[in-house]
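The values are calculated or read from the model by the stated rules, or taken from the named source; none is laboratory data. Because the structure is a prediction, the values reported are computed rather than measured. Cβ atoms come from the backbone with ideal geometry, glycine included; neighbour counts cover every protein chain shown. SASA here: full protein model, heavy atoms, side chains in, ligands and nucleic acids out. Shrake-Rupley method; radii C 1.70, N 1.55, O 1.52, S 1.80 Å.
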Amino acid sequence: MRLKVLLLHAGVLLLLFALQFVLPAYHQLALTRIMVLATFAMGYNLLFGYTGLLSLGHAMFFAAGLYGAGLSAYHLGWSVPAAFLAGIAAGAALSLVIGLVALRTSGVAFMIVTMMFAQVAYLSTLYFTNYTRGDEGLVMPAAARAFTLAGHRFDLTDPALRYNLALLLLALTMAVVLAIVKGPSGRPLVAIRENEPRTLMLGYDTFRLKLRALVLSGTISATAGAAYALLFAYVGSSFAAISYSIDALLHTLLGGAGTVLGPLVGTLVMFYLVDLISAHTSAYLLVTGVVLVALVLFFPKGLLGTVRERWLPWLP
């Protein structure tokens, strides 16, 4: 069973690696963006899909990584590796602080608290326009996206390099999530999702487990944000808006909450669904909504969640 799981995920990564050699430039760029956003959704899924905590504030963790990396490179002139680490550190610190406060609530209250924190973060990006330029955002200069590592020069304006770095990020995130959900802490997280009072009664420190899940989830989301800023050379307030948290939720639900590959599938389907429909009608959001309703009716647990329930119960 474990070998089957590893082969499936390795096969997906090999397929993504091979696609770069056959895809045209537009779809290569689109898939690069999808892999980064899927990393964000995987971070969200760790908290929502496996731990059962519905957050509407994950955009602030993505934005913490985005601004942590972007502002460090743009204003301070930090190198790409240093800026990337700064973005991750910003997200980890923020998720720890938010977790210590928000996890004192549960259910709807937790959702509202995370949403309010996210709104504060969004308004902060608009308030400090001298540094962030608000909705207009910052466009990273080409010089800030080139760096030297181990004697080799790398330039993030190279589409092939961007693609492979996004794939590496996705692969590492997938490995981390698999290790967590298939490891000793995986079942306690699912137990919290299903019945927290009973899990507490069994002797587990549910607050500590939830805090660890939230910090890991926020750090993964911030890593995706830092990568987005450096790979695509843009930092803007729209990424901190609550709608971006809802996008992560939608991608997770569509692909299958509580499945490792679900966020990737959901992000891929949603991206191309909007892309294809918007090419034919200005009412693409309406058509997309109808399609999503149909998908929910026929795949109530998401695409991979329903596949696991009906045909492949070994899917993690």
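The calculated 222 nm mean residue ellipticity attributable to helices in the chain amounts to -24000 deg cm²/dmol, summing -39500 (n - 2.57) over DSSP H runs of n ≥ 4 and dividing by all residues. Please list, by residue number, everything in the stretch 27-51 whose backbone N is under 18 Å from a paramagnetic label point 7 Å out along Cα→Cβ of residue 272. Only 27-39 fall inside the zone, counting backbone N under 18 Å.
Modelled label positions at residue 22 and residue 155, each set 7 Å beyond Cα in the direction of Cβ, lie 3.0 nm from each other. Taking every alpha-carbon pair under 8 Å whose residues sit at least 6 apart, the stretch 222-316 reaches a relative contact order of 27 percent.
For the pair the stretch 133-169 / the stretch 71-130, the C-alpha centres are spaced 22 Å from each other.
Legend: calculated FRET efficiency, residue 202 to residue 238, from the Cβ-Cβ distance at R0 = 30 Å, rounded to 0.05, equals 0.10.
Only lysines eight or more places from residue 210 in sequence, or on another chain, were considered; those with a Cα closer than 18 Å are 182. Loop-located chymotrypsin sites (Phe, Trp or Tyr not before Pro) in the stretch 15-103 (DSSP state other than H, G, I, E, B) with a sparse environment of at most 16 neighbouring Cβ atoms within 10 Å: 21.
The residues 135, 155, sorted by heavy-atom accessible surface at 1.4 Å with ligands and nucleic acids left out, run 135, 155 from largest to smallest.
Specify whether the C-alpha gyration tensor of the stretch 141-292 places it in the rounded, prolate or oblate class, a ≥ b ≥ c being the square roots of the eigenvalues: rounded for a/c under 1.5, otherwise prolate if a/b is larger than b/c and oblate if not. Judged from the Cα gyration tensor, the stretch 141-292 comes out oblate (a/c at least 1.5, b/c at or above a/b).
In this simple spin-label model, placing a label point 7 Å from the Cα along the Cα-to-Cβ direction at both residue 124 and residue 290 gives a separation of 4.3 nm. For the chain, a Gaussian network of Cα nodes joined below 10 Å ranks 100, 76, 268 by mean-square fluctuation, and the top entry is 76. Under the criterion of Cα pairs below 8 Å and six or more residues apart, the relative contact order for the stretch 22-92 equals 24 percent. Taken as Cα centroids, the stretch 299-316 and the stretch 213-237 sit 28 Å apart, rounded to the nearest whole angstrom. Within the chain, the whole DSSP H helices whose Cα atoms reach 15 Å or more along their own axis and whose mean Kyte-Doolittle score is at least -1.0 are 2-19, 25-45, 58-74, 80-102, 107-127, 159-181, 186-201, 206-232, 242-255, 262-278, 284-298. Straight-line reach from residue 4: taking Cα to Cα under 18 Å and skipping same-chain neighbours fewer than 8 places apart, the aspartates and glutamates in range are 309.
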